[in-house]
Amino acid sequence: MDGYGKAVSNGLRLLEASIDLTGEFPDVALGLAEIGQEEIGKSLSILAAFSLARNQWSWFWSAWKDHQLKAHRAFLYELISPLRLEIRTADGVRSLGPPLRQKITHEKEFSFYVNFDPQLGQFVSPANAVAAIETHNRAATLLYLAVIAWHVRAALDEENPSFRHKAFSEIAFRICSERIDQQDMPEIFAEFESRSESHKQLMTAIRTRLAEGKDFLTSSLKRAQSGD
C-alpha cells in the first residue's frame, strides 16, 4: 500500500513539474511527463500485485524496470474509467496519447540528452528536438491518467483499506494480464460488486470518486480556456 500510494503521488508531482516547465522548457517538460506516466503505470502494477501468491512475484518484478511496459500500462487505467483528454493541432490533427516517436521512452531520451542524427549528420540539442505538440500530448495524457489513478486510490483508502486494496487488486491484475476491452468492463464490474455488500460499497466509492475526477478535469479545462 505504501509503494502504491507513493507511485501515484510521484506521478502527480512529475505532472506538476512538467506543467510548470512547459512554457519555458518544453523539452524538459516532455521528459518529466513521460517519466510521470511510467510511475502511474507502475502504480497499477503494484496494485495488481496485491493478488499475487508468493510463487507469482516474478510477474511483478519482470515489469519493474521495463520502462516501455510501465508507460504503456498507464493507459490501462482507461479501462477503469474511459475518461480521456485529446489534443488537436492547429491544422485539426488529433493527438490521442500514444507517442509521436517510435517508442514512448524515446520522449525522455530526446528531452534530456544531446543526440546525433545520422540523417542530418549533426548533433541535436533537446531544445531543437522537441515540438510543443509532443509536450502537450504527453502532459495532457498524463493529466487524465493521473486523475483516474488518484481517485481510484482515494476510493481504496477512504474505508477498510486492507479489504479494498486486496479486493480491487483482482481487477487491476486482470486488466494488466488479460485481453480486456472497454465494453467488457461493465460486466466485470457488475460481477465484482455482486459478491458482497463490501464489494458493492467499494464500487460505489470508485464510481463516486471517478465522477469527482471528471468534474475536476472539466472545471480545470474551463478555467484554462478562460485564462484563469
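The values are calculated or read from the model by the stated rules, or taken from the named source; none is laboratory data. Only a predicted model underlies this, so the values are computations on that prediction, with no experimental measurement involved. Using ideal geometry, Cβ is built from the backbone for each residue, glycine included, and neighbour counts are taken over all protein chains shown.
Side notes on the structure shown:
- Helices (runs of 4 or more DSSP H) within region 14-87 that include 2 or more residues touching a residue at least 12 places away in the same chain (Cβ under 8 Å) and closer than 20 Å to PHE110 by Cα: 26-49, 67-73
- Region 196-219, residues that are of a type in the set (Ser, Thr, Tyr) and either surrounded by 14 or more Cβ atoms within 10 Å (Cβ to Cβ) or modelled with pLDDT of 95 or more (or both): SER196, SER198, THR204, THR208
- Hey, SER9 touching a helix residue (DSSP H, G or I) at 6+ places or on another chain (Cβ under 8 Å), under 25 Å from ASP157 (Cα atoms) and not basic (Lys, Arg) or not: no
- Looking at GLU78, GLU39, just one residue is surrounded by 23 or more Cβ atoms within 10 Å (Cβ to Cβ) and among the acidic types (Asp, Glu), and that residue is GLU39.
- Of all the listed residues (LEU52, LEU12, LEU32), the sole one being under 19 Å from ALA172 (Cα atoms) and among the hydrophobic types (A, V, I, L, M, F, W, C) is LEU52.
- Residue under evaluation ARG223, criteria (1) closer than 25 Å to ALA139 by Cα; (2) more than 22 Å from the chain's Cα centre (by Cα); (3) in contact (Cβ under 8 Å) with a residue 24 or more places away in the chain, criterion not met: (3)
- Candidates ALA131, ALA53: the one that is more than 26 Å from ARG209 (Cα to Cα), more than 20 Å from the chain's Cα centre (by Cα), surrounded by 14 or more Cβ atoms within 10 Å (Cβ to Cβ) and not charged (D, E, K, R) is ALA131.
- GLU178 vs. criteria more than 21 Å from LYS6 (Cα to Cα), touching a Lys or Arg at 6+ places or on another chain (Cβ under 8 Å) and acidic (Asp, Glu): no
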